[in-house]
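The values are calculated or read from the model by the stated rules, or taken from the named source; none is laboratory data. The structure presented is a predicted model; accordingly, all values stated were derived computationally and were not measured. Heads up, the Cβs are rebuilt from the backbone with ideal geometry, glycines too, and the neighbour counts pull from every protein chain shown.
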Amino acid sequence: MNTFPPLKNDRILRAARGELPDKLPVWVMRQAGRYLPEFMEFRKNHSFFEICQNAELACEVTLMPIRRYDLDAAIIFSDILVIPQALGMTVEMKAGIGPVLPDPLTTENLNELKIDGAVERLKYVGEAITLTRHKLEGKVPLFGFSGAPWTLMGYMIEGGGSKTLSKAKKWLYAHPDASHKLLELLTNIIIDYLVMQVEAGAQILQVFDSNADLLNKELYITYGLPYLRKIKQLVHLKLQEKKLEPVPMVLFAKGAHYCLPEQADLGYEVLGIDWTLEPEVVRRLLKGKNVTVQGNLDPCALYAPKEELARLVQNMIKQFGSQRYIVNLGHGIYPDMPPDSVQTLLETVHSVNI
Ligand code: CP3
């Protein structure tokens, strides 16, 4: 068992549990990334996956935004595509393009995925988490994360990002059995991967279903929700079996506004919300549900002048209210966004009396 320094800032954990913290918690998706000059400097000497796979390097990058800002959480530097990599697929990170998987999955080569030992091959993520927990000295909680089954399926079949996901969606309509087989095997790996991250020291977990926006309610009921429910239930159960404390889990199903109440019934303590929904609509759809919401400032609001950004943030907080609320963007921060805008966002959030 690891022993770590005591936690000094538990705002985010309190909000996730439904308690009222002293101030509203705030963090930023992709907070350790290319908008930070120190990250760009670092990237000159190290490739993307070199950083992911080396505990010292991943820890250093994870801490960059924590040193610079008054954030309420850190998130381990990694990527959702380390799972396809651990399954034997090649993943390249191409500048200006993003991730590329040169040999995408087909219904013919599905059986060639190397399932045995996949989680073992991801042990480097655990090592980075453990080191980071020590180096954080209890300043803020550390997020672990994974891609959701559907989002990983999308990247594995499309061979990268896609505007339509038509190849992956073709599986859902034309090859339902192969789709379920793939989603099931990804689900099982995600469960063990997340449990391993908690064993290593992750204090809260986020599941990214960034491709949910291209499904609809019927498809999500069949191919999304059951697997997300299994992930939540089995992570909880396996932590119990290992006598580990349960950790809160965040589900960020980007664009899945077509089934927000259904998401709230999966058991996740927190639902991430993208920027397309008004806070009042979110609260109305989730009325009576036992969940905290996280979000949902339009990332592009960070391009606004300081005063306008502060007004937008205050307005969002007023609409969401302070109960069961974690402030974040509605998606990740972009590389060309001004670092000072993150400062304005954090100062505005922390200056609100709750
Ligand atoms: O600070 C953090 O949030 C932690 C690190 C993190 C990264 N990727 C680092 C990264 C996290 C949580 C992710 C998750 C991730 N990766 C998602 C889900 C979140 C989302 O944005 O929807 C997805 C879909 C991916 C896959 C991925 N990785 C894409 C689409 C890209 C290209 C994005 C782009 O803007 O070009 C990446 C690359 C990536 N992941 C970068 C970083 C810092 C930039 C690559 C670089 O440094 O060259």
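What to note about this one:
- Residue match in the stretch 306-321 (condition: within 16 Å of the ligand (Cβ to nearest atom), of a type outside the set (Val, Ile, Thr) and without any contact (Cβ under 8 Å) to a residue 60 or more places away in the chain): no
- Flag if Leu24 is over 20 Å from Asp336 (Cα atoms) and of a type in the set (A, V, I, L, M): yes
- Single residue of the stretch 252-267 satisfying the filter (closer than 15 Å to Pro226 by Cα and outside any helix (DSSP H, G or I)) that is nearest to the ligand (Cβ to nearest atom): Ala253
- For the stretch 317-351, taking the residues that are surrounded by fewer than 19 Cβ atoms within 10 Å (Cβ to Cβ) and touching a strand residue (DSSP E or B) at 6+ places or on another chain (Cβ under 9 Å), the one that is nearest to Pro279 (Cα to Cα) is identified as Gln323.
- Val119 meets the conditions (1) closer than 30 Å to Tyr325 by Cβ; (2) in contact (Cβ under 8 Å) with a residue 12 or more places away in the chain in every case but one. The failed one is (1).
- Some residue of the stretch 191-206 being in a helix (DSSP H, G or I), free of Cβ contacts under 8 Å to residues at least 12 places away in the same chain and either surrounded by fewer than 19 Cβ atoms within 10 Å (Cβ to Cβ) or of a type in the set (D, E, K, R) (or both): no
- Thr130 polar (S, T, N, Q), more than 16 Å from the ligand (Cβ to nearest atom) and in a loop (DSSP other than H, G, I, E, B): no
- Looking only at the stretch 129-179, and only at residues there that are of a type in the set (Lys, Arg) and out of contact with any strand residue (DSSP E or B) (no Cβ under 7 Å at 6 or more places or on another chain), the one that is surrounded by the most Cβ atoms within 10 Å (Cβ to Cβ): Lys169
- Cross-chain or 6+ apart pairs with Cβ under 7 Å, the stretch 324-336 first and more than 10 Å from the ligand (Cβ to nearest atom), then among the polar types (S, T, N, Q): Arg324/Thr292; Tyr325/Thr292; Ile326/Thr292; Ile326/Gln294; Asn328/Gln294; Gly330/Asn296
- Given (1) among the aromatic types (Phe, Trp, Tyr); (2) away from the ligand (no atom under 16 Å from the Cβ); (3) in contact with a helix residue (DSSP H, G or I) (Cβ under 6 Å, 6 or more places away or on another chain), index of the condition Tyr173 fails: (3)
- Count of residues meeting criterion [touching a Ser or Thr at 6+ places or on another chain (Cβ under 7 Å) and near the ligand (Cβ under 10 Å from one of its atoms)] in the stretch 76-108: 3
- Only one of the numbered conditions (1) touching a strand residue (DSSP E or B) at 6+ places or on another chain (Cβ under 9 Å); (2) crowded, with 19+ Cβ neighbours inside 10 Å is not met by Ile97, and that is (2).
- Just one of the listed residues (Ile80, Ile115) is touching a strand residue (DSSP E or B) at 6+ places or on another chain (Cβ under 9 Å) and either under 24 Å from Gly295 (Cβ atoms) or not hydroxyl-bearing (Ser, Thr, Tyr) (or both), namely Ile80.
- Among the conditions (1) away from the ligand (no atom under 16 Å from the Cβ); (2) at pLDDT 95 or above; (3) in contact with a helix residue (DSSP H, G or I) (Cβ under 8 Å, 6 or more places away or on another chain), the only one that Val61 does not satisfy is (1).
- Scanning the stretch 303-335 for residues that are closer than 20 Å to Arg17 by Cα, of a type outside the set (Val, Ile, Thr) and in a strand (DSSP E or B) yields a total of 2.
- Residue in the stretch 225-238 that is among the polar types (S, T, N, Q), surrounded by fewer than 16 Cβ atoms within 10 Å (Cβ to Cβ) and assigned to a helix (DSSP H, G or I) present: yes
- Residue match in the stretch 199-206 (condition: acidic (Asp, Glu), out of contact with any strand residue (DSSP E or B) (no Cβ under 9 Å at 6 or more places or on another chain) and more than 29 Å from Gln31 (Cβ to Cβ)): no
- Unique residue being over 22 Å from Arg68 (Cα atoms), exposed (fewer than 15 other Cβ atoms within 10 Å of the Cβ) and touching a helix residue (DSSP H, G or I) at 6+ places or on another chain (Cβ under 8 Å) when the list is Leu271, Leu266, Leu244: Leu244
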